[in-house]
1. Residues of segment 210-254 being surrounded by fewer than 17 Cβ atoms within 10 Å (Cβ to Cβ) and either touching a Ser or Thr at 6+ places or on another chain (Cβ under 7 Å) or under 23 Å from P118 (Cβ atoms) (or both), which ones?
2. Select the strands (runs of 3 or more DSSP E) contained entirely in segment 178-271, then report the ones holding at least 3 residues which are closer than 20 Å to Y130 by Cα, touching a His at 6+ places or on another chain (Cβ under 8 Å) and without any contact (Cβ under 8 Å) to a residue 24 or more places away in the chain.
3. Could you list, ordered by first residue, the pairs with Cβ atoms under 8 Å in which the first is in segment 69-88 and touching a residue at least 40 places away in the same chain (Cβ under 8 Å) and the second is aromatic (F, W, Y), at least 6 apart or interchain?
4. Can you pull out every residue in segment 214-247 that is touching a Leu at 6+ places or on another chain (Cβ under 7 Å) and among the aromatic types (F, W, Y)?
5. Can you tell me which residues in segment 252-267 are within 24 Å of V18 (Cβ to Cβ) and within 10 Å of the ligand (Cβ to nearest atom)?
6. Could you check, for segment 128-140, whether at least one of its residues is more than 10 Å from the ligand (Cβ to nearest atom), closer than 19 Å to A183 by Cβ and either in contact with a Gly (Cβ under 8 Å, 6 or more places away or on another chain) or free of Cβ contacts under 8 Å to residues at least 24 places away in the same chain (or both)?
7. How many of the residues making up segment 123-135 are farther than 24 Å from I55 by Cα and surrounded by 19 or more Cβ atoms within 10 Å (Cβ to Cβ)?
Amino acid sequence: MAISIHPTGGAGAEILGVDLSKRIPKSDLIKIKVAFAEHGLIFFRDQSLSEEQHINFAKNFGPININRFFAQHSDFPEIAMVTKEPGQTGNIGGGWHTDHSYDPEPAMGSILIARELPPEGGDTWFLDMYKAYEGLPRELKSRIKDLSAVHSAKHIFGSKDQLEMLKQTRGRIGNSEAADALADVTHPIVISHPESDKQALYVNPGFTIGIKDLPPSESEKLLQELYLHAIKDENMTKFKWRLGSIAFWDNRATWHFAQNDYHGYRRVMHRITVEGCPLRRAVA
Ligand code: SIN
C-alpha cells in the first residue's frame with residue numbers, strides 16, 4: 001500500500017501505508033517530514049516497533065533530547081517513561097501544555113508509543129496552534145504581535161510541588177534541583193515555525209507564567225483570553241490509543257493533554273523527544 005496522509009479535521013493527520021519498523025524509503029520519509037511540518041502532528045496505527053526501532057525512527061528527525069525530569073527506560077536512556085500505575089491518582093501531562101517551552105531552545109517534539117493501556121480511557125487530546133493563531137480576532141493578533149511570554153518549569157517540576165509529586169508518582173517524575181536551577185525564559189507569543197514558516201500561537205497553560213512587561217493582572221487576563229480562543233472544538237483531536245499506536249507532535253505547533261480517567265489501571269507509554277532550536281518571532 002502506498003503511503004497516504006489523512007488530515008483528521010481537528011489537529012493533525014494520520015499517515016497510512018508505512019511500516020516504521022523497516023527502513024523507510026527516502027521518498028516516504030520526505031512525505032512524512034512534509035506532513036509533520038504542515039500539520040505539526042502525525043499519527044500512525046498498528047506499528048510494531050522495538051525500543052531500538054523507536055530510537056532509530058526518532059533519529060531521522062534530529063538528535064535525541066534526554067529528559068531531565070522523567071524516569072528513563074532501564075535499558076534505553078533515550079526513552080522517557082510516561083507511566084501511571086493502578087494505585088496512582090495523578091498522571092503525567094494531565095492539563096493543556098506543550099513540552100519544553102521552559103527551555104531556551106524548546107525541544108522540537110516527541111514520539112509517543114503506547115506500550116500498555118487501560119481497557120478504557122487514557123486518550124490524549126491535541127490542539128493545533130497554527131489554527132489557534134489563525135482563528136484569533138485581528139485586533140488580538142495586533143495586540144500580541146510584538147509581545148513575549150515568560151515560561152518556567154519550576155512550578156511543575158520544582159521543589160514547591162516536589163513532595164506532592166513524589167507522593168503521586170512514587171518518584172517516577174520530578175527532579176526538583178534541575179527545575180529550580182532553570183532560569184525562566186522568554187519566547188515570542190507568535191512564532192514563525194522553523195520548518196513550515198507558518199505562524200503559531202506559542203503560549204501554554206502548563207508552562208507560561210506571564211507576559212513580559214505587563215502587570216500580573218493584565219498578563220493573566222490576556223493569557224486567559226488567548227487560551228479561550230485556542231481551546232475550540234475545530235482546533236482539537238482526541239486520539240484514542242490502541243497498542244501499536246504512535247503520536248508524533250511538534251511542540252512549536254501543538255498542545256496536548258493526557259486524559260486521566262482510568263484509575264485502577266496501568267498505562268505505560270514510551271516517549272522519545274527530539275531536540276529543537278531557538279524560536280523566531282513571526283513577522284506580520
Ligand atoms: C505527555 O504529556 O507527554 C503525556 C502524553 C500522554 O501520556 O498521552
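The values are calculated or read from the model by the stated rules, or taken from the named source; none is laboratory data. Nothing here was measured: the structure is a model prediction, and the numbers come from that model. No Cβ is skipped: glycine too gets one built from the backbone with ideal geometry, and neighbour counts run over all protein chains shown. For the accessible areas, the whole protein counts, side chains as well, though only heavy atoms, and no ligand, DNA or RNA atoms are used. Shrake-Rupley method; radii C 1.70, N 1.55, O 1.52, S 1.80 Å.
1. In the first step, residues of segment 210-254 are kept if they are surrounded by fewer than 17 Cβ atoms within 10 Å (Cβ to Cβ); the result is 212-218, 220-221, 224-225, 228-229, 231-234, 238, 240, 242-244.
K212, K238, K240, R242, L243, G244, listed by residue number.
2. Fully inside segment 178-271 and qualifying: nothing.
3. From residues that are touching a residue at least 40 places away in the same chain (Cβ under 8 Å), the pairs are F69/F157; A80/F70; M81/F70; V82/F70; K84/Y262; P86/Y265.
4. W241
5. Here is the first cut: in segment 252-267, the residues within 24 Å of V18 (Cβ to Cβ) are 252-254, 256.
Result: H256, single match.
6. no
7. 7
Yes or no, residue by residue, for (1) of a type outside the set (S, T, N, Q); (2) in contact with a Phe, Trp or Tyr (Cβ under 6 Å, 6 or more places away or on another chain); (3) within 11 Å of the ligand (Cβ to nearest atom):
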{"position": "P63", "(1), (2), (3)": "yes, no, no"}
{"position": "S101", "(1), (2), (3)": "no, yes, no"}
{"position": "G109", "(1), (2), (3)": "yes, yes, yes"}
{"position": "P119", "(1), (2), (3)": "yes, no, no"}
